[in-house]
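Enquirer: Okay, here's the structure, questions in a sec.
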Amino acid sequence: MDEVKRANIYVAINITSAATEIQSHDYPLPALQQLTRNAVMHRDYKTSHAPVRLTWYRDRIEIQNPGGPFGQVTMKNFGHPGITDYRNPMIAEVMKNLGYVQKFGAGLQIADKSLLDNGNPSAKHEVEPNHVLFTVRPRP
């Protein structure tokens, strides 16, 4: 998945504004990694056979996770720091052991910081009982 993201991120290179080239990415890879990994970790594998979807449009990227809030996480408190729960603790542990997760409960904050540091708007999320949809916009 990371190679597909790398291949589709547009990189503008400015060679006239500084002594060395300046690279600008339309989307920061760390934000996309956090959001897609979060979707894989938290999706509902019991009630849906739908895949996690990463759809790349001209003006946005959408990441859809089949599976809404779980446990302590509700539609109202979704994304608030410190409020976490694990529908799939074994998948979470494997992803942590393989290095795909740095710290449990921090993925959305890492994604938002990466987006803001790159000059992108914050990711928007739509939380429904049976799915979560993140929309990421490119840097203007």
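Every number here is computed from the coordinates shown, using simple stated rules; none is lab data. The structure displayed is predicted, hence computed values, not measured ones. Reconstructed Cβ throughout: ideal geometry from the backbone, glycine too, with neighbour counts over all protein chains shown.
Enquirer: Would you list Thr55, Thr74 from fewest to most Cβ contacts within 10 Å?
Expert: Ordered by Cβ neighbours within 10 Å, fewest first: Thr55, Thr74.
Enquirer: As a footprinting exposure proxy, order Leu98, Leu116, Leu133, Leu35 by other Cβ within 10 Å, with the fewest listed first.
Expert: Least crowded to most crowded, the residues run Leu98, Leu116, Leu133, Leu35.
Enquirer: Would you mind computing, in nm to one decimal, how far apart the modelled labels at Tyr45 and Asn97 are, each placed 7 Å from Cα along Cα→Cβ?
Expert: 1.3
Enquirer: With a cut-off of at most 16 other beta carbons within 10 Å, and DSSP calling the residue loop, which trypsin sites (Lys or Arg not before Pro) in region 6-81 qualify? Please list them.
Expert: Of the trypsin sites (Lys or Arg not before Pro), the ones in loops of region 6-81 whose Cβ has at most 16 other Cβ atoms within 10 Å are Lys46, Arg58, Arg60, Lys76.
Enquirer: Along the charge dipole of the chain, Cβ charges K/R +1 and D/E -1, which of Ala7, Tyr100, Gln72 sits furthest on the positive end?
Expert: The residue sitting most towards the positive pole is Gln72.
Enquirer: If every alpha-carbon in the chain counts as one equal scatterer, what log10 I(q)/I(0) does Debye give at q = 0.09, 0.13, 0.15, 0.21 1/Å?
Expert: Result of the Debye calculation: -0.29, -0.57, -0.75, -1.37.
Enquirer: Do any chymotrypsin sites (Phe, Trp or Tyr not before Pro) in region 15-73 lie in a loop, going by DSSP, with at most 13 other beta-carbon atoms within 10 Å of their beta carbon, and if so which?
Expert: Tyr45, Tyr57
Enquirer: Cross-link candidates for Lys5: which lysines have Cα within less than 21 Å, leaving aside residues fewer than 8 places away along the same chain?
Expert: Straight-distance partners of Lys5: Lys96, Lys113, Lys124.
Enquirer: What dipole magnitude, in Debye to the nearest 20, does the chain give about its Cα centre under +1 on Lys/Arg Cβ and -1 on Asp/Glu Cβ?
Expert: Roughly 160 debye for the chain.
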